[in-house]
């Protein structure tokens, strides 16, 4: 059984910081935004560390909490050795678990936190996720100033950071259940088409989730995938139809929902913050959706292994959220 | 669905690049650079009385200088991604790749950062350029003497 139900785990609060491009995107209610990619730091990596530090500091301040009120910090990002999260975590002197699931890090951190809260004596857990367009570009693709031509299937890593506080104290977002996905490799090795890499993983996790919890896709007001992008989400729908005979009516992809068409981001946004930014700053604030299934999708991409002619595996984790009145 | 079927599905559903447009853009932009370069060579040979070979060397240096300065000023990557091979194939592409690597790694130290990564993208061009030049020279010596 990959699916788990939670009795009383709540997402109490969230805090978001967004990058300069995301500031003018379709997001509505972010907390703070950056004017430039450096964020008054010397390098882009330091800027990303500062973003994480700022969201953690601010969410604690907003909720009048001190670090001693937090039992565990869980987080991750895209950089090698999740160094950004490690370097921001060292500022807080909190028990810390670092996670890496590429762009599925956010739901993975919710799952780990929810399980700790559900089964152990933990009271309050802080999660943090971030990505920075230029640190990701530099690490996974070409140098920042190198203008390599990109195909229409490429996605654009979003810049931002999100912190959330989870506890057993009731609040307006309930974490109802989750499904842990298994890695799946469908033989795609094109790092410029990560939507196609991740689509089967998202489909498999969605199917497992619905199957194990004996639900229909219509049970949810919204099914939101992480960052398949405009091309990947079409492949996802087609794959679901052919492989699992499932047709989705209320479906959105966060990658597709993040940027405006005029922002020139190819097939849409990607990165670990893409899903939480769209979820918190664009969809939940509408108040329209009550039962939301988020499926974070991560391409477990390694430039080394792709160069060794290996295809890219992908993973997807699902978390069911209930927005209460 | 097996892997082969999935690859086919992905291929069918991924939007195709407009090759004709890319080819035409590259042809005209690359051609324009060549056209201006030819003018520059005429200018040098007529005004300073140097040979065409020498003038071509100066042109090459000018293109590298322009490519590097434009990269450092931060707008060349936008031109590059729009104009594609029109700017990649001339020497501007080489200069752009070296300059962008240098900018990326300058904060990681002169030796471990900038020096070690300077030819990250252009290294292949240099290596295989030298190797093929060597073999072509050998062939030339064997055929012509």
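Throughout, read-outs are computed from the coordinates displayed, never taken from laboratory work. As the structure is a prediction and not an experimental result, all values here were calculated from the model. As a convention, Cβ positions derive from the backbone with ideal geometry for all residues, glycine included, and neighbour counts pool all protein chains shown.
Show me the three semi-axes of the equivalent ellipsoid for the range A:1-46, from the C-alpha gyration tensor (sqrt of 5 times each eigenvalue), largest first, rounded to whole Å. Kindly include the intermediate steps, with their values, before the conclusion.
Numbers: eigenvalues 210, 45, 24 Å².
Sorted largest first and rounded, they come to 32, 15, 11 Å.
Which one, A:80, A:118, A:245, has the greatest fluctuation when you compute a Gaussian network model over chain A with C-alpha springs under 10 angstrom?
Result: A:245 has the largest fluctuation of those listed.
Quick one: in the range A:251-293, what % of C-alpha pairs are over 17 Å apart? Before the final figure, lay out the partial values.
On the way: 279 of 903 pairs.
Considering the range A:251-293, 31 percent of its Cα-Cα pairs are separated by more than 17 Å.
If you bin every alpha carbon distance in chain A into 10 Å steps from zero, what whole percent lands in each bin?
Whole-percent P(r) values from 0 Å outward: 6, 29, 38, 22, 5, 0.
So for the protein assembly as shown: antiparallel DSSP bridges make up what percent, rounded to the nearest 5?
Numbers: 38 of 57 bridges.
Once the DSSP bridges in the protein assembly as shown are tallied, antiparallel ones form about 65 percent.
State whether the range B:17-144 is rounded, prolate or oblate according to the following rule on the C-alpha gyration tensor (a ≥ b ≥ c being the square roots of its eigenvalues): a/c under 1.5 gives rounded; otherwise a/b larger than b/c gives prolate, and the remaining case gives oblate. Provide the component values of the computation, followed by the final result.
On the way: a/c = 1.41, a/b = 1.16, b/c = 1.22.
Rounded shape, in that the Cα axes give a/c under 1.5.
Specify the residue with the greatest mean-square fluctuation among A:280, A:106, A:92, computed from a Gaussian network of chain A linking alpha-carbon atoms under 10 Å apart.
So, out of A:280, A:106, A:92, the one fluctuating most is A:92.
Going by the alpha-carbon gyration tensor, a ≥ b ≥ c the square roots of its eigenvalues, is the range A:129-220 rounded (a/c under 1.5) or, if a/c is not under 1.5, prolate (a/b greater than b/c) versus oblate? Walk me through the numbers on the way to the answer.
On the way: a/c = 3.15, a/b = 1.48, b/c = 2.12.
Judged from the Cα gyration tensor, the range A:129-220 comes out oblate (a/c at least 1.5, b/c at or above a/b).
Which value does Rg/Rh take for the range A:194-247 over its C-alpha atoms, Rh per Kirkwood?
Working: Rg = 10.7 Å, Rh = 11.2 Å.
Rg/Rh for the range A:194-247 comes to 0.95.
With just the Cα atoms defining each centre, how far is the range A:58-82 from the range B:98-142? Give it in Å.
Centre-to-centre distance over Cα atoms comes out at 43 Å.
Would you order B:1, A:51, B:13, A:120 from fewest to most other beta-carbon atoms within 10 Å of each residue's own beta-carbon? Write out the running numbers ahead of the final one.
Details: B:1 14, A:51 31, B:13 19, A:120 10.
The most exposed by this proxy come first: A:120, B:1, B:13, A:51.
Taking springs between alpha-carbon atoms closer than 10 angstrom, which of B:50, B:130, B:41 fluctuates most in the Gaussian network model of chain B?
Looking only at B:50, B:130, B:41, the biggest GNM fluctuation is shown by B:130.
Assuming R0 = 56 Å, can you tell me the calculated FRET efficiency for the pair residue B:35 and residue A:139, based on Cβ-Cβ distance, to the nearest 0.05?
Values: r = 39 Å, r/R0 = 0.70.
About 0.90, to the nearest 0.05.
Report, in degrees rounded to the nearest 10, the 0 to 90 angle that the Cα long axis of helix B:91-105 makes with the longest principal axis of chain B.
70
So how do B:120, B:19 line up by other beta-carbon neighbours within 10 Å, fewest first? The partial results should precede the final answer.
Values: B:120 18, B:19 8.
Listing B:120, B:19 from fewest to most nearby Cβ atoms yields B:19, B:120.
How large is the Kirkwood hydrodynamic radius of the range A:3-167, counting all unique pairs of alpha carbons, in Å? Don't jump to the answer; show the numbers that get you there.
Values: mean 1/r = 0.0607 Å⁻¹.
Final number for the Kirkwood radius of the range A:3-167 is 16.5 Å.
Show that you can apply the helix-only estimate: for the protein assembly as shown, add -39,500 (n - 2.57) for every DSSP H stretch of four or more residues, divide by all residues, and state [θ] at 222 nm to the nearest 500.
Per the formula, -14000 deg cm²/dmol.
Got a sec? How would B:47, B:124 order by Cβ neighbour count within 10 Å, fewest to most?
Values: B:47 8, B:124 11.
Least to most surrounded, the residues fall as B:47, B:124.
Relative contact order of chain A, please, whole-number percent, based on alpha carbon pairs below 8 angstrom and at least 6 residues apart. If you can, show how the numbers build up before the last one.
Details: 800 pairs, mean separation 83.2, N = 325.
It rounds to 26 percent for chain A.
Suppose a student asked you for the relative contact order of chain B, using Cα pairs under 8 Å spaced at least 6 residues apart; what percent would you report?
Working: 92 pairs, mean separation 27.5, N = 145.
Relative contact order comes out at 19 percent.
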